[in-house]
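*Asks:* Shown below is the structure under consideration.
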Amino acid sequence: MTARIIDGRAFAAGILAEVATETAALAAMGIVPGLAVVLVGEDAASQVYVRNKARRTKEAGMASFEYRLPEDTAETALLALVAELNDDPAVHGILVQLPLPGHIDTARVLDAVSPDKDVDGFHVINAGRLAAGLPGLVPCTPLGCLLMLKAELGDLSGARAVVLGRSNIVGKPMAALLLRESCTVTIAHSRTRNFPDECRRADILVAAVGQPELVRGDWIKPGATVLDVGINRVATEGNNTRLVGDVAFAEALTVAGRITPVPGGVGPMTIACLLRNTLTAARRSAR
Ligand code: GUN
């Protein structure tokens, strides 16, 4: 069997086109959705992410506000900026790029963002709403995974889903979303006893552990749908590097029913869902 490759770029392009259309309609009513992105420090990967987010925001017809603060920014100064953005009616979404420098209390900053503008879905109020099955803003990467799963598989109810990783950004919200779709959900993590056997039970396997090619082909149930959230840069011959996921792709391709590649799978959906969340927040602000 050769798995069907799920084209995340095509999915993301579809969502971005929809968001752009709906943004134009909202703008015609006098509301231009605005996204503020705050970057503290010089982290190289974060710089690239923030640049891409700003570009996509403008392409969708939204207003982009970028704040780049030095590495030694005091927590109080960052909290003051967040408070200012909370009060700014032109800003509908606020994203504080992670990781923050070590001297800043990340949880305190994330919880200072107004839950109504929390387009990352990281505020405890939004995490709680998701856990309770109430409407709220949902973290972008798991939301992107869910949209692809529903488009590929339709009704997910009764499926056995295994989520690898228990982070607040991906693992926990992914599990909550799958539970909301009536899947039977397992979260496996670094202390799980028999990782391969847990994986083998999965009709839907979501890998978000940040370990290059951890999931081998023989860990996958034949015909399963595999979503690979990992983005790991590994060394290759010479002085080169390449991106690989958390799944050994070539092996998985011969066993799985459907699989997302890295790059070009889950990654592009994250920004698309960020703009979708910004549109949602802007719409709600108009009510
Ligand atoms: N750093 C890596 N991924 C993310 C994300 O989805 N949101 C934020 N704020 N920071 C990140």
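*Asks:* Which residues, taken from the range 56-83, are within 16 Å of the ligand (Cβ to nearest atom) and more than 13 Å from L100 (Cα to Cα)?
*Replies:* R56, T57, S64, F65, E66, Y67, L81, V82
*Asks:* Something else: V209: of a type in the set (A, V, I, L, M, F, W, C), within 16 Å of the ligand (Cβ to nearest atom), more than 30 Å from M62 (Cβ to Cβ) and in a loop (DSSP other than H, G, I, E, B), yes or no? Reasoning before the result, please.
*Replies:* Numbers: of a type in the set (A, V, I, L, M, F, W, C): yes; within 16 Å of the ligand (Cβ to nearest atom): yes; more than 30 Å from M62 (Cβ to Cβ): yes; in a loop (DSSP other than H, G, I, E, B): yes.
The answer is yes for V209.
*Asks:* Step by step: first the residues of the range 166-181, then only those that are over 13 Å from the mean Cα position of the chain (by Cα) and in contact (Cβ under 8 Å) with a residue 24 or more places away in the chain, then the one that is surrounded by the most Cβ atoms within 10 Å (Cβ to Cβ). Which residue is that?
*Replies:* Result: L178.
*Asks:* Which of the residues that make up the range 30-61 are modelled with pLDDT of 95 or more, more than 20 Å from L81 (Cα to Cα) and among the hydrophobic types (A, V, I, L, M, F, W, C)?
*Replies:* I31, V32, A60
*Asks:* Only one residue in L178, L275 is assigned to a helix (DSSP H, G or I), touching a strand residue (DSSP E or B) at 6+ places or on another chain (Cβ under 6 Å), of a type in the set (A, V, I, L, M, F, W, C) and under 29 Å from H92 (Cα atoms), so which one is that?
*Replies:* On the way: L275 fails: touching a strand residue (DSSP E or B) at 6+ places or on another chain (Cβ under 6 Å).
Checking each option against the conditions leaves just L178.
*Asks:* Out of V138, V109, which single residue is β-branched (V, I, T), closer than 29 Å to A74 by Cα and assigned to a loop (DSSP other than H, G, I, E, B)? Let's see the steps before the verdict.
*Replies:* On the way: V109 fails: assigned to a loop (DSSP other than H, G, I, E, B).
Testing whether each residue is β-branched (V, I, T), closer than 29 Å to A74 by Cα and assigned to a loop (DSSP other than H, G, I, E, B) leaves just V138.
*Asks:* Looking only at the range 87-106, which residues are assigned to a helix (DSSP H, G or I) and either under 18 Å from the mean Cα position of the chain (by Cα) or within 16 Å of the ligand (Cβ to nearest atom) (or both)? Step through it out loud before you land on a result.
*Replies:* The first filter runs over the range 87-106 and keeps only residues assigned to a helix (DSSP H, G or I), leaving 87, 106.
Listed by number, the list holds a single entry, T106.
*Asks:* On to the next question. Filter the range 243-287 down to residues that are away from the ligand (no atom under 15 Å from the Cβ), buried (at least 19 other Cβ atoms within 10 Å of the Cβ) and among the polar types (S, T, N, Q) and give me whichever is nearest to A36 (Cα to Cα).
*Replies:* T280
The values are calculated or read from the model by the stated rules, or taken from the named source; none is laboratory data. As the structure is a computational prediction, the values presented were derived from the model and not from experiment. No Cβ is skipped: glycine too gets one built from the backbone with ideal geometry, and neighbour counts run over all protein chains shown.
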